[in-house]
Every structure is written in C-alpha cells, then in structure tokens.
1. Remind me, relative contact order of the range 64-217 in percent, using alpha carbon pairs under 8 angstrom and six or more residues apart?
2. Specify the inter-centroid distance of the range 9-55 and the range 141-170, based on alpha-carbon positions, in whole Å.
3. For q values of 0.12, 0.15 Å⁻¹, compute log₁₀ I(q)/I(0) with the Debye formula on a Cα-only model of the range 205-275, without solvent.
4. Normalising by the residue count of the chain, find the relative contact order in percent from Cα pairs under 8 Å and 6+ residues apart.
5. Step by step: find N for the range 154-201, compute 2.2 N^0.38 Å, then divide the Cα radius of gyration by it. What's the final number?
6. Among A25, A249, A214, which one shows the biggest mean-square fluctuation in a GNM of the chain, springs joining Cα atoms closer than 10 Å?
7. Using Cα-only point scatterers and the Debye equation, what is log10 of I(q)/I(0) for the range 80-178 at each q in 0.11, 0.14, 0.23 Å⁻¹, rounded to two decimals?
8. Over all directions, average the projected area of the Cα convex hull of the range 89-143 and note it in nm².
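What follows draws every value from the coordinates through simple rules; no lab data is involved. These numbers come from a predicted model, not from an experiment. In this analysis, Cβ positions are derived from the backbone assuming ideal geometry, glycine residues included, and neighbour counts consider all displayed protein chains.
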Amino acid sequence: MPIEEVEETAEAIETMEIRGAATIAGAAAAALESQAAASEATDPEAFEAELRAAARTLYQTRPTAVSLPNALRFVLQDLEGATVEELRETVLTRTRKFRADLEHAQERLGRIGANRLRDGDVIMTHCHSTDALATVEHAVDAGKDIEAIVKETRPRNQGHITAQRLRELGVPVTLIVDSAAHRYLNDVDHVLVGADSIAADGSVINKIGTSGLAVNARDRGTPIVVAAQTIKLHPGTLTGHTVEIEMRAESEVISKADREKIGEITVKNPAFDVTPPRHVDAIITERGQYPPESIVSLMRELYGDVDEEPWAEPN
Ligand SMILES: O=P(O)(O)OC[C@H]1O[C@H](OP(=O)(O)O)[C@H](O)[C@@H]1O
C-alpha cells in the first residue's frame, strides 16, 4: 500500500489540482521520494514492491502527459542496491536530481526560447504552460516589451492562470474566447504553446484546441512555436505506440441541469489533440531549438527504445 502522501498526490493530479505536464512530473518524483523516505520495509524486495505500487498509483492518474511516466522511469529504472538503505539512497538521489534537472531545464529552455521573441512582439497563448511562460519571462528579463493575447481555453479556463502569470511579469494581456483566435491572429507575431507529449514524428500533443489554432495560424502565416522540455518526448512512440488522449468528465463541459433541459445528447470532452509536424515551426527544448521532424534524433539519444515499465508487477 502506498503511503498517504502518494495517494494524495495521485488524487490531486487526477482532479487537476496539480496540473501541467512539468508540474505533474515534479510532484510524482516528490511523492516517490516521500515513499522511499517513509518506507519501513525490512528487505530490498519489499522496498522495491512498495515503490512500484506507489508508481502505479501515480501512473494511473492521467494518461497523456508523458512527463509522468518519464519521471517514474527515471527514478525506478534498474534500481541498484543490495540493502534497503542502499536502495533508499539511490531513490532519494534520483528524485532530487530529477527535480533539480526539471528546474534547470525550464530555465535553459526559457533562455533559448526568449531568443525568438523580439522587442515589441505580440504572442498568442493557449492553456497554461510553465515551459512557454519561461520563454516570456526570460524575454521580459532581457528588457523586451512583449504583449499577449490569451485564449481562455475551455472547458477549464487555464488561460486565466496564464493571464495572471503574465500580468505578474508586467505583460499587457488581452483575454479572448477560444473561437476569436482566427480574428486576432493578424495582430500576432508568434503562437506560443506548451506540450504534454511529443511523438517521434514531431507531432505535438497539447491541450484540446491547439491543432485548430495551428491550422488557423498557418492560414494567417503566423509561426507556431512549442516550448517543451525533453521530458515531454514520448519514447514509446519510437516503437510504434500511440499517445493516449485523455477523455474527461462531461460535467466539465455542461451542467447536469443544462444537459437535462436540452434532452438526449452525447457530450465529448477530450483534453488534448494532436498537431501534425507540418503545422509546427519549431520545438524549443533545453537542448536547443528543433524543427519538429528532427526531434526523433534527440528522442533516440536521450531515451533509446523504451518498452518496459519498471513499475510493472514482476511475473
Ligand atoms: O509542462 P507545462 O509547460 O507547464 O504544461 C504543458 C501542458 O500541460 C497542460 O495540460 P493540463 O492543463 O495538465 O491538462 C497544457 O496542455 C500545457 O500546454
């Protein structure tokens, strides 16, 4: 049985109290760290079984952001240690490293992404991405004036979080409903979004509405830039796996009362969509800027072919 803190983290990820691909990964690593620190296992097998159970609880929360399994894999792959204490030390060292790397990567990605933004540029955002905002923060720190048109991002309105963070950076914000994006793209220099997963062919899996925005941006000739640390690279897609798109509750889209008033309808609420590489101009990572079609080389270098899940129950 995982400790209470792991259960609480899993619940918070599921209900989106903890959300955003990078934040989810950091929280999952922190939960594994707590599990390892609190474990009272007396033999290595029991300790590893506890960690695997904790990882499974975290893994089952949301299916699309690959940063979550990438975090779990970083911590649990090929665990080394002959005693519980050695194993605990390995896990604690890895979880701390993972969390520190996460912060450094975002900082570095931000510095690289800021090079694309020029003084006076207007960006359009979709959803709330800490990686995307890191690029704006670095541009602002470098003294550039940036303005933002922020899509509200139905149904959960994460655009409000983006608007608030941008205001904290002193960036002037215009909030629009999602369907107004095409109208305002003429005023925009870059569409700037994050990612939950990036597939080997360079497809970007991000908040529902990203692919439509990218099509509109192409129509208007506005570049679309994706800010995504390398923990968003989905190594399973190297071996033919597809990225599962999370379907969320109907209640996020329509209230029970409204639904009953309308009569018999089907409601669908996919949380993400897939933007093909031809609609993406650049993917900014902490390792540099990549055309989407060449991201596969970075994926292979960093992850190789990953097929196993180190948190699976042993046969
Ligand atoms: O890792 P960072 O850049 O913060 O966020 C990446 C992505 O995670 C979010 O998903 P959700 O709101 O958790 O469904 C958005 O789709 C956002 O673009």
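1. Relative contact order here is 22 percent.
2. 31
3. -0.52, -0.73
4. It rounds to 18 percent for the chain.
5. This ratio for the range 154-201 stands at 1.35.
6. Ranking A25, A249, A214 by mean-square fluctuation puts A249 first.
7. With one equal scatterer per Cα and no solvent, log10 I(q)/I(0) is -0.44, -0.59, -1.11.
8. 4.5
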